[in-house]
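This report refers to the structure that appears directly beneath it.
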Amino acid sequence: RTGDHHDGVHAMKPARWIVAVCLIAAAASAQALHPRIELPKDSPVGLLSVDFSNSRATARGGMYVVDVQASLSLRNSTQRRIRGIAFAVYAPEVGGKGSVSVPSLDVPPGETFSVRVENHLVRPLTSGAAGPSVEVKLDGVLFEDLGFYGPDTLNLQRQMTRWELEARRDREYFKSVLKNA
């Protein structure tokens with residue numbers, strides 16, 4: 001019986017080694033991203049800083065799993081208050097697509113604000129590529145007067161307008177509750 005137990009211990013060791021080798025290979029395959037932020041020349045927001053330091057791409061099989069964790073610091077460069085903003089997030093080589101929308105903002109002209117970008121994308125491995133890349137593009141800005149700027153490729157203008165109208169309704173309701181209290 002001791003021989004059987006001894007053989008069982010040896011049988012488990014290769015499985016542990018396989019797991020350890022897989023974990024080491026996965027960690028070694030994790031790569032930093034090559035991010036690109038695109039704002040049009042006439043953009044109502046200016047980019048002050050960007051931090052993609054927590055973003056990674058990991059090769060799994062024939063795909064990259066791209067974990068985008070970024071923080072954008074922006075400035076309202078218009079004379080109108082910003083009430084919402086949306087960004088499209090792409091892994092461009094036939095890859096994944098995501099979005100980040102921030103409703104219920106109240107950013108006066110000239111003020112700074114930040115936007116957190118958290119997306120998980122998948123894109124195929126491509127031979128000869130310089131590594132995984134991610135593009136973050138401004139897709140739309142909603143202003144206090146319900147005016148909209150941007151290409152709206154994600155078709156979020158109507159949704160952002162609805163969010164703003166609902167927020168206005170809620171603010172009015174709570175003002176009346178406080179007034180009557």
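Among the residues of the stretch 38-74, those identified as assigned to a strand (DSSP E or B), crowded, with 16+ Cβ neighbours inside 10 Å and in contact with a Phe, Trp or Tyr (Cβ under 9 Å, 6 or more places away or on another chain) are V45, A57, T58, V68, Q69, A70, L72, L74.
Somewhere in the stretch 106-115, is a residue in a loop (DSSP other than H, G, I, E, B), open to solvent by less than 50 Å² (accessible area, probe 1.4 Å) and at pLDDT below 95? No.
A count restricted to the stretch 136-171 and to residues that are in a helix (DSSP H, G or I), acidic (D, E) and surrounded by fewer than 12 Cβ atoms within 10 Å (Cβ to Cβ) stands at 1.
The values are calculated or read from the model by the stated rules, or taken from the named source; none is laboratory data. Since this is a predicted model, take the numbers as computed values, not measurements. Quick reminder, even Gly has a Cβ in these numbers, built from the backbone with ideal geometry, and neighbours come from all protein chains shown. These accessible areas exclude ligands, DNA and RNA; they are computed on the full protein's heavy atoms, side chains included. Shrake-Rupley method; radii C 1.70, N 1.55, O 1.52, S 1.80 Å.
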